[in-house]
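S.K.: Structure incoming, see below.
The values are calculated or read from the model by the stated rules, or taken from the named source; none is laboratory data. Note that the structure is predicted; figures quoted are calculated from it, not measured. Note: ideal-geometry Cβ built from the backbone for every residue, glycine included; neighbour counts use all protein chains shown. Please note that ligands, DNA and RNA were not included when accessible areas were found on the heavy atoms of the full protein model with its side chains. Shrake-Rupley method; radii C 1.70, N 1.55, O 1.52, S 1.80 Å.
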Amino acid sequence: MANMPVSEMRLPPHLAHLLAARRLDTAKDVLSLPEVELMAILDAGLPTARAAVALVSEAACPPYQTALALLEERVRLGGGVRLATTLCGLDEALGGGIPMGKLTEVVGPSGIGKTQFCLKLALLAALPEYYGGLDGRVVYIDTEFKFSSRRMIEIGQKSFPQIFRQEGLAQKMAGRILVTRPTSLADFTKSLEEMKVTLLQHDVKLLIVDSMAALMSLENEKATAGFRQHPLRWTLSFLKSIAEFSRVPVVVTNQVRSQSNDDGYHFSFEVDKKDGNKCAERFDSHLVAALGIQWAHAVTVRLVFESHSGHRFIKVAKSPMSPAVAFPFIVESSGITLLSDESIDVTGPGITSIHCQGQNVLAR
Amino acid sequence: MGEQSGAQNAWDMLSDEQSQKHTTTGSGDLNDILGGGIHCKEVTEIGGVPGVGKTQLGIQLAINVQIPVEYGGLGGKAVYIDTEGSFMVERVYQIAEGCIRDILEHFPQSHEKSSSGQKQLQPEHFLADIYYFRICSYTEQIAVINYLEKFLGEHKDVRIVVIDSVTFHFRQDFEDLALRTRVLSGLSLKLMKIAKTYNLAVVLLNQVTTKFTEGSFQLTLALGDSWSHSCTNRVILYWNGNERYACLDKSPSLPVASAPYAVTGKGIRDAVSSNHKRARVT
């Protein structure tokens, strides 16, 4: 809609000519200008500029729907509003599973089980519907060379033994999972763009990026002179729009890093209070998610994988559908399993912090 | 000669201010520091860290504005402008159900249809009265804000416009920061005009960024210093220990104050610890 050509807008002829003469060819061209500047460029009075803006805005504005129509549409598109993870407690907390058309982030220290989780999801999306899957293809973007077919099939065999005993099924399932290994952000960007077509034509039901942070850290080491915009922001926009447009769930893994002094912690009106406590809080949780606060705003669901008190936990740290809860889990041959479907409530700062016991983060 | 167009004397304005309508936030404590709720005819900015409940509050307001007049609400409709895709319709349904349940609790005689034959207390009716726009670029965001003037003229029962979030596209795609500031100030003027002309509340949800001030990095709302002057009211949602708090950081007539609130299955409500007293920051 932003690039909608003015010529297609059916404006009154004098306005259409005026805009064309000044090379204001798209909605974006016209609307990015403040009123006064538009008047200057068009060499016209305020009423003309306002009329142009009003008409172009009406043409470029996307149509509205009532929330009820949105709900009915969702129902009409059938089940598949969520990708069930088969971890019952987690699925219940998420309102059925990983949401379609949204960005879900899986963040945690290395080695905790993020890739194991992704492997299982990939499998689930590929499985036929009568086994609870989405019966579709999966695109797995593997930036750290962690994808292991052997491991994924092992997970399949151990989680769904009766299915995988069938002849040729393992091959069929594995054949549905497309793995790409971009080595740079430019590569990744290129695959994403090609992906748009693939997603629509080839019945892709899940997109996994494992991991996003690795790509970004590669990029930060190189000069970014070639990029007009910050690469993360562009990638973020693109992933979100792919997700929504094609209605597939997009799962992205993120790393953690130690907290630095650059991390803003409080608002200015809070700073006066409790100076002593502030220091204590800072040492309490050593880790923060990489990729920054803008990324954190943009994801719809954030699942934090962490370890403390001798156990590992999946924590639903951000979700529009549920309060913050955590589930203990282990990783075994059949992949990730919850030790309990009873959720543990997480309150206060615990929601936003990431714990990692038993690892020397300072040595990273 | 007559009056200068657009000018009003302060005495007339006083009676206007006193009859000003509010939309309840769902939390009594929060309403208290806001002077009753979110005000019509004003632009209120609500910012906070990810996950603290901005979208939850935005959705709650889009539902609460619809509470029928006989139950103490405005009986209006809502426009929800979604720039991030955070609007999850199943959650909106839940919040509508929660609101209805609370109405029925407070007004037990209303199980039958209300006497004036107004809105039936069904979640579907509440959802039907939210006009939802999905915006995918800053151009579309500018377009929809401009288009609102015409739209609201055709839908005079809208009493709230929520933009969730006003930040997203402006952080992503704008390379020229000086131009961005001019465009944003044009938008904020338009929004203020809409609020006053159509007697509705405009609520802008904003993200958070870090700023280096007074020798350390602090959290602050995004979009820069000049934007921060643009809104009439500013509310910041933050974590205080184990609880969610809201701080009224800017208001033309109310003191700076904080209050706790909670996000529950039913929506925004008072915090468990609430005893309905206002907690002052200074």
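S.K.: Consider A:D135 against the criteria (1) at pLDDT 85 or above; (2) in a helix (DSSP H, G or I); (3) acidic (D, E): it satisfies all of them except one. Which criterion is unmet?
M.R.: A:D135 satisfies every listed condition except (2).
S.K.: On to the next question. Which residues, counting only those in region B:78-112, are assigned to a loop (DSSP other than H, G, I, E, B), within 13 Å of chain A (Cβ to nearest Cβ) and touching a residue at least 24 places away in the same chain (Cβ under 8 Å)? Steps first, answer last, please.
M.R.: Looking only at region B:78-112, we keep the residues that are assigned to a loop (DSSP other than H, G, I, E, B), and these are B:83-88, B:107, B:112.
Of the ones still in play, those that are also within 13 Å of chain A (Cβ to nearest Cβ) are B:83-88.
B:T83, B:E84, B:G85, B:S86, B:F87, listed by residue number.
S.K.: What's the total number of residues in region B:21-69 that are in a loop (DSSP other than H, G, I, E, B), open to solvent by 10 Å² or more (accessible area, probe 1.4 Å) and more than 13 Å from chain A (Cβ to nearest Cβ)?
M.R.: 9
S.K.: Since A:S322 meets every condition but one in (1) without any contact (Cβ under 8 Å) to a residue 40 or more places away in the chain; (2) open to solvent by 10 Å² or more (accessible area, probe 1.4 Å); (3) within 14 Å of chain B (Cβ to nearest Cβ), which condition does it not meet?
M.R.: (1)
S.K.: Could you count how many residues in region A:157-173 are under 29 Å from the mean Cα position of the chain (by Cα) and not in a helix (DSSP H, G or I)?
M.R.: Residues that pass the stated criteria total 1.
S.K.: Report, ordered by the first and then the second residue, all pairs with beta carbons closer than 8 Å, sequence separation of six or more or different chains, a first member in region B:250-265 that is touching a residue at least 24 places away in the same chain (Cβ under 8 Å), and a second member that is in a loop (DSSP other than H, G, I, E, B) and acidic (D, E).
M.R.: Within 8 Å, the pairs are B:P260/B:D270; B:Y261/B:D270; B:A262/B:D270.
S.K.: Go through the residues of region A:45-54 one by one and say whether even a single one is within 7 Å of chain B (Cβ to nearest Cβ), open to solvent by less than 60 Å² (accessible area, probe 1.4 Å), within 40 Å of the chain's Cα centre (by Cα) and under 26 Å from B:K77 (Cβ atoms). Steps first, please.
M.R.: At the first step, the residues of region A:45-54 found to be within 7 Å of chain B (Cβ to nearest Cβ) are A:53-54.
Applying the additional criterion that residues be open to solvent by less than 60 Å² (accessible area, probe 1.4 Å) yields A:53-54.
Within this subset, residues satisfying the condition of being within 40 Å of the chain's Cα centre (by Cα) are A:53-54.
Those still in the list that are under 26 Å from B:K77 (Cβ atoms) too: A:53-54.
Yes, there is a match, as at least one residue in region A:45-54 is within 7 Å of chain B (Cβ to nearest Cβ), open to solvent by less than 60 Å² (accessible area, probe 1.4 Å), within 40 Å of the chain's Cα centre (by Cα) and under 26 Å from B:K77 (Cβ atoms).
S.K.: Looking at B:A201, B:A195, B:A259, which is the one that is buried (at least 22 other Cβ atoms within 10 Å of the Cβ) and either facing another protein chain (nearest Cβ under 8 Å) or more than 30 Å from B:F151 (Cα to Cα) (or both)? Outline the logic, then answer.
M.R.: Details: B:A201 fails: either facing another protein chain (nearest Cβ under 8 Å) or more than 30 Å from B:F151 (Cα to Cα) (or both); B:A195 fails: either facing another protein chain (nearest Cβ under 8 Å) or more than 30 Å from B:F151 (Cα to Cα) (or both).
Unique residue meeting the criteria: B:A259.
S.K.: Moving to a separate point now. Evaluate region A:20-28: report whether one residue or more is buried (at least 18 other Cβ atoms within 10 Å of the Cβ), among the aliphatic types (A, V, I, L, M), out of contact with any strand residue (DSSP E or B) (no Cβ under 6 Å at 6 or more places or on another chain) and not in a loop (DSSP other than H, G, I, E, B).
M.R.: Within region A:20-28 (the criterion being buried (at least 18 other Cβ atoms within 10 Å of the Cβ), among the aliphatic types (A, V, I, L, M), out of contact with any strand residue (DSSP E or B) (no Cβ under 6 Å at 6 or more places or on another chain) and not in a loop (DSSP other than H, G, I, E, B)), the answer is yes, since at least one residue qualifies.
S.K.: Let me ask you something else. Please enumerate the residues belonging to region A:28-44 that are within 12 Å of chain B (Cβ to nearest Cβ) and over 20 Å from B:T139 (Cβ atoms). Let's see the steps before the verdict.
M.R.: So the first thing to find is which residues in region A:28-44 are within 12 Å of chain B (Cβ to nearest Cβ), and the list is A:28-38.
None; the set is empty.
Let's see how each residue does on (1) among the charged types (D, E, K, R); (2) in contact (Cβ under 8 Å) with a residue 40 or more places away in the chain:
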{"position": "A:M9", "(1), (2)": "no, yes"}
{"position": "A:L15", "(1), (2)": "no, yes"}
{"position": "A:V30", "(1), (2)": "no, no"}
{"position": "A:P34", "(1), (2)": "no, no"}
{"position": "A:E37", "(1), (2)": "yes, no"}
{"position": "A:I41", "(1), (2)": "no, no"}
{"position": "A:L55", "(1), (2)": "no, yes"}
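S.K.: Inside region B:130-214, counting only helices (runs of 4 or more DSSP H) that do not spill past its ends, which hold 3 or more residues that are at pLDDT 90 or above?
M.R.: Values: elements: B:138-154, B:168-172, B:177-197.
Those helices (runs of 4 or more DSSP H) span B:138-154, B:177-197.
S.K.: Of all residues in region A:339-364, count the ones that are modelled with pLDDT of 75 or more and open to solvent by 70 Å² or more (accessible area, probe 1.4 Å).
M.R.: 5
S.K.: Would you be able to tell me the number of residues in region A:56-80 that are within 25 Å of B:R180 (Cβ to Cβ) and crowded, with 21+ Cβ neighbours inside 10 Å?
M.R.: Kept after step one, since they are within 25 Å of B:R180 (Cβ to Cβ), are these residues of region A:56-80: A:56-62.
If we keep only those that are crowded, with 21+ Cβ neighbours inside 10 Å as well, we get A:56-57, A:60-61.
The qualifying residues number 4.
S.K.: Further, regarding this structure: Can we say B:L184 is open to solvent by less than 40 Å² (accessible area, probe 1.4 Å), over 15 Å from B:V79 (Cβ atoms) and within 10 Å of chain A (Cβ to nearest Cβ)?
M.R.: Working: open to solvent by less than 40 Å² (accessible area, probe 1.4 Å): yes; over 15 Å from B:V79 (Cβ atoms): yes; within 10 Å of chain A (Cβ to nearest Cβ): yes.
Spelling it out, B:L184 is indeed open to solvent by less than 40 Å² (accessible area, probe 1.4 Å), over 15 Å from B:V79 (Cβ atoms) and within 10 Å of chain A (Cβ to nearest Cβ).
S.K.: Pick from region A:103-113 the residues that are open to solvent by less than 20 Å² (accessible area, probe 1.4 Å) and not polar (S, T, N, Q): which of them is farthest from the other protein chains (Cβ to nearest Cβ)? Steps first, answer last, please.
M.R.: Just the residues of region A:103-113 that are open to solvent by less than 20 Å² (accessible area, probe 1.4 Å), to begin with: A:103-109, A:112-113.
When the remaining residues are screened for being not polar (S, T, N, Q), the result is A:103, A:105-109, A:112-113.
Working: A:L103: 8, A:E105: 10, A:V106: 15, A:V107: 12, A:G108: 16, A:P109: 20, A:I112: 20, A:G113: 22 Å.
Applying the filter and picking the extreme gives A:G113.
S.K.: What is the residue count in region A:116-132 for residues that are open to solvent by 20 Å² or more (accessible area, probe 1.4 Å) and part of a helix (DSSP H, G or I)?
M.R.: Keep residues of region A:116-132 that are open to solvent by 20 Å² or more (accessible area, probe 1.4 Å), which gives A:116, A:120, A:129-132.
After this cut, where a residue has to be part of a helix (DSSP H, G or I) as well, the list is A:116, A:120, A:129-131.
Adding up the residues that qualify gives 5.
S.K.: For B:N242, all conditions in the list (1) at the interface with chain A (Cβ under 9 Å from one of its Cβ atoms); (2) in contact with a strand residue (DSSP E or B) (Cβ under 6 Å, 6 or more places away or on another chain) hold save one; what is the number of the exception?
M.R.: Just one mismatch for B:N242, condition (2).
S.K.: Is there a residue being free of Cβ contacts under 8 Å to residues at least 24 places away in the same chain and within 15 Å of A:I336 (Cβ to Cβ) anywhere in region A:73-92?
M.R.: yes
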